[in-house]
Amino acid sequence: MHLPVPRERVWEAVTKPEQLARWFGVVSDMDFRVGGAIQFSWENRPCPYLGVIEVIEPIQRFAFRWPSYAVGHPEITFDIAPSTLVEITLEEQAEGTLLMLVESGFASLPEFVPAEESYSDNSDGWQECLNGLRDYLQSQEVA
């Protein structure tokens, strides 16, 4: 997704908990270091969803691992929940920033997780979230 704002601005929106909560639809607690925990909490879901930061390359790349399939599937507890890797890469362009988001690991999920359904659900969810990110950044530029 092309975002017509500086890369530093996108980086802050992706890595600062108070900004992440504005477009991702979550309130997050984050220990911002490789190996640090991220806690995602959606208002309509009673349980926190825990992730682990895998990569921090300032203003270029941020990645975390999380048990995304467990969201909305209460039969899967977090101690057995399989995880996927979410990688966000930012590339500076003449008129803003190119954000690339890749969530990987679906093919290696255990049999009890329907990989195609999980991939489809997450793809749709990420598109909605990225649209929210674009709207959030545009509203900040106007303010």
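Brief remarks follow.
- Scope the range 73-90; condition modelled with pLDDT under 65 and either crowded, with 17+ Cβ neighbours inside 10 Å or hydrophobic (A, V, I, L, M, F, W, C) (or both); matching residues: 76, 78, 80
- Criterion: out of contact with any Gly (no Cβ under 8 Å at 6 or more places or on another chain), surrounded by fewer than 12 Cβ atoms within 10 Å (Cβ to Cβ), at pLDDT below 80 and over 21 Å from residue 88 (Cα atoms) - qualifying residue of 142, 113: 142
- All told, residue 12 falls short of being outside any helix (DSSP H, G or I), open to solvent by 60 Å² or more (accessible area, probe 1.4 Å), at pLDDT 95 or above and closer than 23 Å to residue 127 by Cβ.
- Within the range 91-102, residues that are more than 9 Å from residue 4 (Cα to Cα) have Cβ atoms under 9 Å from residues that are of a type in the set (D, E, K, R) and assigned to a strand (DSSP E or B) in these pairs: 99/91; 100/87; 100/91; 101/87; 102/87, counting only partners at least 6 apart in sequence or on another chain.
The values are calculated or read from the model by the stated rules, or taken from the named source; none is laboratory data. What you see is a predicted model; the values in this text were computed from it and never measured. No Cβ is skipped: glycine too gets one built from the backbone with ideal geometry, and neighbour counts run over all protein chains shown. Please note that ligands, DNA and RNA were not included when accessible areas were found on the heavy atoms of the full protein model with its side chains. Shrake-Rupley method; radii C 1.70, N 1.55, O 1.52, S 1.80 Å.
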